[in-house]
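Colleague: Next up is a structure, given as structure tokens.
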Amino acid sequence: MDSSSRQLLKVENLTKRYLIKNTFFKKDYFTALSNVSFTVDKGSIVGLVGESGSGKSTIGKIILNLIKPDEGKVYLLDKDITNGLSKEDRKKLSIIFQDPRTSLNPRYKIKDILQEPLTVHGYPKSERETIVKKVIKDVGLEETFLDRYPHELSGGQRQRVAIARAIVLNPMLIVADEPTSALDVSLQLQIVNLIKSLRDEKGISFIFISHDLNVVGYLSDYIIVLYKGKVMEKGKKEDIVKNPIHPYTKLLLQSIPPDHPKHRKTFIPIKESINNPEGCEFMDRCPMATQQCKQKPTYKVLDGREVYCHFV
Ligand SMILES: Nc1ncnc2c1ncn2[C@@H]1O[C@H](COP(=O)(O)OP(=O)(O)O)[C@@H](O)[C@H]1O
Ligand SMILES: [Mg+2]
């Protein structure tokens, strides 16, 4: 296959600014994303990793057309979807949120929650019922769960229902925004493995968003490391996890907690600073920073991987 027939989604130079101060005298913008580009191949899992506030959810929302970028484009199967999705294209994209307690309507039974997207897309009742009985099994739950309400389910079961709802229209791509972050460690692995099996068996592509490089490294084929809305490094999973080049990727890997709490490193919280707009976004945290970093680096391409740093 050539690259265009492999490619499902492309985001190109996404930039998003949020207005944070709006007075008669002054408007201040916060740059949440700056020139983010990547592609998602059919049937692949792309991991988006970065700490809280790095812009991960903003990317997901732009792809799903929930918000518009200030600059940049989103292409689905080579079609520009930046400024709107047709009903057919909307079916191709889906989302799973972090917290299934708030993402499932507590007043609806599971079968109604799962049927809703099918109703919106005009599926007849009998077909809706058949599809819903199938997807509940696809996510590893019994048919009897269809008659329950969300509060009658455990956290892990609720997240399975959220995944069932995400696959009910047979999408090509699911944006999974921290789908395991609200779950216990033992459940996290189950959900991650469910995502993996949906990719393997149904060929669904995923953009898997997490602050945890451990989980992202386990699941993804390709990894994008974000810091303050900027891609620091992106490349194949093996390259990023086994041989990180960017100092931030190295820091993220080091911060994967060892088993004993005594050996855990403290994580320096992100500063939402808008100073140093001319320099490298990572400069204030970088152990390697020099005067040179007061200017922005460019991307260096190394064996298919791209790194945003002066020192590579
Ligand atoms: N509607 C908004 N208005 C102003 N700032 C926002 C808005 N949404 C997100 N932000 C800011 O943009 C940055 C990126 O947010 P987000 O994409 O949610 O990050 P992440 O998902 O990586 O935690 C954060 O600093 C956040 O505070
Ligand atoms: Mg988020």
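The values are calculated or read from the model by the stated rules, or taken from the named source; none is laboratory data. Source: prediction; values computed, not measured. Here the Cβ positions follow ideal geometry from the backbone for every residue, glycine too, while neighbour counts run over all protein chains shown. Keep in mind that these areas ignore ligands, DNA and RNA; they rest on the heavy atoms of the full protein, side chains included. Shrake-Rupley method; radii C 1.70, N 1.55, O 1.52, S 1.80 Å.
Colleague: Keeping all protein chains in the complex and leaving out DNA, RNA and ligands, what accessible area do you get for Thr298 with a 1.4 Å probe, in Å² to the nearest 10?
Modeller: About 90 Å², ignoring ligands and nucleic acids.
Colleague: Before anything else, pin down the relative contact order of the stretch 132-213: Cα pairs under 8 Å, at least 6 apart, normalised by residue count, whole percent.
Modeller: In percent, rounded to a whole number, it is 30.
Colleague: In percent, what relative contact order does the chain have, based on Cα pairs under 8 Å that are 6 or more apart in sequence?
Modeller: 20 percent
Colleague: Okay, moving on. When DSSP assigns beta bridges and you keep just the ones with both residues in the chain, what percent turn out antiparallel, to the nearest 5?
Modeller: Bridges in the chain are about 60 percent antiparallel.
Colleague: What nm value, rounded to one decimal, do you get for the distance between Val301 and Asn83 when each label is placed 7 Å out toward the C-beta?
Modeller: 3.0 nm
Colleague: Can you tell me the 0 to 90 degree angle between the C-alpha axis of helix 155-167 and the longest principal axis of the chain, rounded to 10?
Modeller: Between the helix axis and the principal axis of the chain, the angle is about 90 degrees.
Colleague: Hey, another quick one. Once the piece of chain linking Asp284 and Ile67 is laid out straight, how much longer is it, given 0.36 nm per residue of separation minus the C-alpha distance between them?
Modeller: 75.2 nm
Colleague: Distance from a point 7 Å along Cα→Cβ of Asp147 to each backbone N in the stretch 87-130: keep the residues under 18 Å and list them by number.
Modeller: Taking a point 7 Å out along Cα→Cβ of Asp147, the residues of the stretch 87-130 whose backbone N falls under 18 Å are 108-115, 129-130.
Colleague: At a threshold of 8 angstrom on Cα-Cα distance, excluding pairs fewer than six apart, so keeping six or more, what relative contact order does the stretch 73-189 reach in percent?
Modeller: 40 percent
Colleague: Using a 1.4 Å probe on the protein chains only, how many percent of the accessible area of the chain belongs to carbon and sulfur?
Modeller: Carbon with sulfur: 51 percent of the solvent-accessible area.
Colleague: For the pair Ser181 and Asp112, how long in nm is the line joining their label points, each one 7 Å along Cα→Cβ?
Modeller: Distance between the two pseudo-spin positions: 3.0 nm.
Colleague: Now for a different question. Compute the FRET efficiency between Gln292 and Asp28 as 1/(1 + (r/R0)^6), taking r as their Cβ-Cβ distance and R0 = 30 Å, and round to the nearest 0.05.
Modeller: 0.60
Colleague: Toward the positive end of the charge dipole of the stretch 3-244, about the Cα centre and with charges on Cβ (Lys, Arg +1; Asp, Glu -1), which of Ile174, Leu85, Val40 goes farthest?
Modeller: About the Cα centre, the residue reaching furthest to the positive side is Leu85.
Colleague: Hey, can you find the accessible area per residue of the stretch 3-244 for me, probe 1.4 Å, expressed in square angstrom?
Modeller: In whole numbers, the stretch 3-244 has 45 Å² accessible per residue.
Colleague: Right, something else. Tell me, in nm to one decimal, what length is gained between Val312 and Ser52 on full extension, where the rule is 0.36 nm per residue of separation less the Cα-Cα distance?
Modeller: Here the segment from Val312 to Ser52 would lengthen by 91.0 nm.
Colleague: Now, a different point. What is the angle, in °, between the Cα long axis of helix 125-138 and the longest principal axis of the Cα atoms in the chain? Nearest 10 is fine, range 0 to 90.
Modeller: It is inclined by approximately 60 degrees.
Colleague: Follow-up question, since we're still on this one. Grab the DSSP H runs of the chain that are 4 residues or longer, score each as -39,500 (n - 2.57), total them, divide by all residues and round the 222 nm result to the nearest 500 deg cm²/dmol.
Modeller: -9000 deg cm²/dmol
Colleague: Which residues among the stretch 150-171 fall inside the zone where the amide N is under 19 Å from a point 7 Å beyond the Cα of His121, along Cα→Cβ?
Modeller: 161-171
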